[in-house]
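A quick write-up on the structure given underneath.
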Amino acid sequence: MALTDLAIRRLKPSDKAYRTSDGGGLFIEVKPNGSKLWRMAYRFNGKQKLLSFGPYPEMPLARAREKRLEAKSLLTEGIDPMVHAKEVKERERREAEDSFGNIAEELLAKGAKEGLAEATLVKKRWLLSLMGQAFADRPIRDIAAPEILAQLREIEAKGNYETARKLRGFVGQVFRYAIATGRATSDPTYGLRGALIRPKTVHRAAFTNWDDFGGLVRAIWGYEAGSPETRIALKLLILLYSRPGELRLAKWGEFDLDKAIWTIPAERMKMRREHRKPLPKVAIKLLHELLELNNESDWVFPSALSPGMPISENTLNGALRRMGFTKDECSAHGFRASASSLLNESGKWSPDAIEAELAHMGADEVRRAYHRSLYWDERVQMADWWAKQILQNVEKRHA
């Protein structure tokens, strides 16, 4: 006699498990603890087998009967329903492991082990979030170029052309990694080249003549707002023209003030190689001032707002805006362009020494080693000369 939902709900547990049939091999098994499980008995190749469909009421009566019909249909085709169920489960497990999100996380973990900078990893995770949860859970083989383009178009519609371009690049990295590890056969982002709006190249604002740059120098040395860390950071950025992130995330262990050397670790360098910078006397003096203020912190520029963290990436540009400089006039990163232009313009220093000091990649490994050794003495002299020019411009503030 066929079961009904009312009859199933009325089934009470007993000391031993018992079964109540619905016909066609389908029955519900009532356990002593009160749980009710759907089973189906069948024969395959002369062997008696038992298939499980799940618990009631999570698996309702109507769905259990549908699964019985599916199992019988497989049997008529000579397929063992139990083997088929295991294959489906394994395929689903494999697809879940081969999802875009999982492979992307695997690629990021690989990058972290290889020494990829934390800031870069954060940016890549942010790009990953822009793909949306729907993409994250999808098997990577199922994601096609039009779907990716549609997602990129949404970002472009907000005017974020550069973000869309970078996202396409990151998605391509994930697909190429999947190809290398045998989980994808093609990179659909390759066909998207030329499909996106090309962003206009925007150079970071910078003063490239001494009149304007000297005004910036005097404004920074006369700046009295903000924390001492911010004020000194701006001065050191002028003197050392490192990338803002390299300075902002500096720790005291990187500085040898007796030898006048700052060694920036490879993981924080854009080119992923350690970089040494000579320190002029005025920079050492400023660092000693900071050391007196922050001798209990590993960070050279600890944040006053976030204990245990360095100052934020917006702090330096924010200070420049408070001084009255617009983003179209100068930026913290633009100090590098200013130094590069003015050092080259002076004619006193070889272009290769300037490039070496800026930590730009040379043409090859030989050229890079050449920069690190032969030009060190020239870079020390250049650092002292540059500091002298800065201080001369500071003195004009009092003239």
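Axis of helix 228-240 versus longest Cα principal axis of the chain: the two differ by about 70°, to the nearest ten degrees. Of the cross-linked pairs Lys113/Lys158; Lys47/Lys89; Lys124/Lys235, those separated by over 25 Å at the C-alpha level are Lys113/Lys158; Lys124/Lys235.
The accessible area of Tyr190, taken with all protein chains in place and a 1.4 Å probe, comes to roughly 150 Å². With R₀ set to 45 Å, the beta-carbon distance separating Lys158 from Asp352 gives a calculated FRET efficiency near 0.60.
In the assembled protein chains, Ile197 presents an accessible area of approximately 80 Å² (probe radius 1.4 Å). Of the accessible area of the chain, computed with a 1.4 Å probe over protein heavy atoms only, carbon and sulfur atoms account for 52 percent. Surface listing: Leu291, Leu167 arranged by accessible area from highest to lowest gives Leu291, Leu167, probe 1.4 Å. Scanning residues 5 or more positions from Leu279 or on other chains, those with amide H under 5 Å from its amide H are Ile261, Trp262, with H placed 1.01 Å from N in the peptide plane. Note: relative contact order over segment 150-304, using C-alpha pairs below 8 Å and six or more positions apart, is 15 percent. With the convex hull drawn over the C-alpha atoms of segment 66-207, the volume per residue is 158 Å³. Label positions at Asp15 and Lys110, each projected 7 Å from the Cα along the C-beta direction, are separated by 6.2 nm. Taking Cα centre as origin and charging only the Cβ of basic (Lys, Arg, +1) and acidic (Asp, Glu, -1) residues, the dipole magnitude of segment 1-125 rounds to 580 debye. For the chain, take the longest principal axis of its alpha carbons; what is the angle in degrees between that and the long axis of helix 81-97, to the nearest 10 within 0 to 90? Rounded to the nearest ten degrees, it is 10. Here segment 1-120 is treated as a Stokes sphere of Kirkwood radius computed over C-alpha pairs; at 25 °C and 0.890 mPa s its diffusion coefficient rounds to 141 µm²/s.
For the chain, the longest principal axis of the C-alpha atoms and the axis of helix 334-346 are separated by about 40°.
Equivalent-ellipsoid semi-axes for the chain (Cα gyration tensor, √(5λ), whole Å, largest first): 67, 24, 20.
Each of Met82, Met59 has its accessible area taken with a 1.4 Å probe; listed largest first, they run Met82, Met59. Placing +1 on the Cβ of every Lys and Arg and -1 on the Cβ of every Asp and Glu, with no other charges, gives the chain a dipole of roughly 1540 debye about its Cα centre.
The values are calculated or read from the model by the stated rules, or taken from the named source; none is laboratory data. All values derive from a computational prediction rather than experimental measurement. As a convention, Cβ positions derive from the backbone with ideal geometry for all residues, glycine included, and neighbour counts pool all protein chains shown. Surface accessibility is based on the protein's heavy atoms, side chains included, excluding ligands, DNA and RNA. Shrake-Rupley method; radii C 1.70, N 1.55, O 1.52, S 1.80 Å.
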